[in-house]
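J.: Submitted below is the structure of interest, expressed as structure tokens.
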Amino acid sequence: MPIPEPGAQHAPPLPDPELFDADVLGAMFDHDAMLIAPLLKTFVASTNTSLAELSRTVAERDLPTTVSLAHRVAGASRLSGARLLGDVAATLEAAAKGKDMGPVPAALQQLTLPSPQVQPARGPLHPG
């Protein structure tokens, strides 16, 4: 891949590798950070909305909606490379499906998603 010319547009900041596996979206989008960054921004906004809804449904003990929302967060997270978040959401989904609210509050507390733009910009997204 060519080195960008001085003054060329820099790639946007990349996600924290502890939260997002760059290989997941990188494989789908040829490791192009200019394509991936807006997808991550949309993912974060959508997921934060879902997490707020999950907090409400857990507090209301609305198990069917909790199952649905947790399933959506788990799938979107794994598809986006946020595997840890996906695993926690899947745990929450399984607990709600089993009507076992015991592990739900702890799982819900683990469902947090900071902005994916926490590293300095550094050109096209490449596997670490």
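The values are calculated or read from the model by the stated rules, or taken from the named source; none is laboratory data. Just so we're clear, the structure is a prediction, and the values are computed from it rather than from any experiment. Positions of Cβ are generated from backbone atoms using ideal geometry, with glycine treated the same way; all protein chains shown enter the neighbour counts.
J.: Hey, can you tell me all the residues within the stretch 57-69 that are more than 13 Å from Pro105 (Cα to Cα) and crowded, with 19+ Cβ neighbours inside 10 Å?
T.: Hits for the stretch 57-69 are Val67, Leu69.
J.: Here's something else I'd like to know. Could you list, in sequence order, the residues of the stretch 51-102 that are more than 16 Å from Val24 (Cβ to Cβ), outside any helix (DSSP H, G or I) and among the aliphatic types (A, V, I, L, M)?
T.: Residue satisfying the conditions is Met101 alone.
For (1) at pLDDT below 85; (2) over 28 Å from Gly102 (Cα atoms); (3) within 10 Å of the chain's Cα centre (by Cα); (4) of a type outside the set (Gly, Ala, Ser), each residue gets a yes or a no:
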position: Pro2; (1), (2), (3), (4): yes, yes, no, yes
position: Leu40; (1), (2), (3), (4): yes, yes, yes, yes
position: Asn48; (1), (2), (3), (4): no, no, yes, yes
position: Glu53; (1), (2), (3), (4): no, no, no, yes
position: Arg56; (1), (2), (3), (4): no, no, no, yes
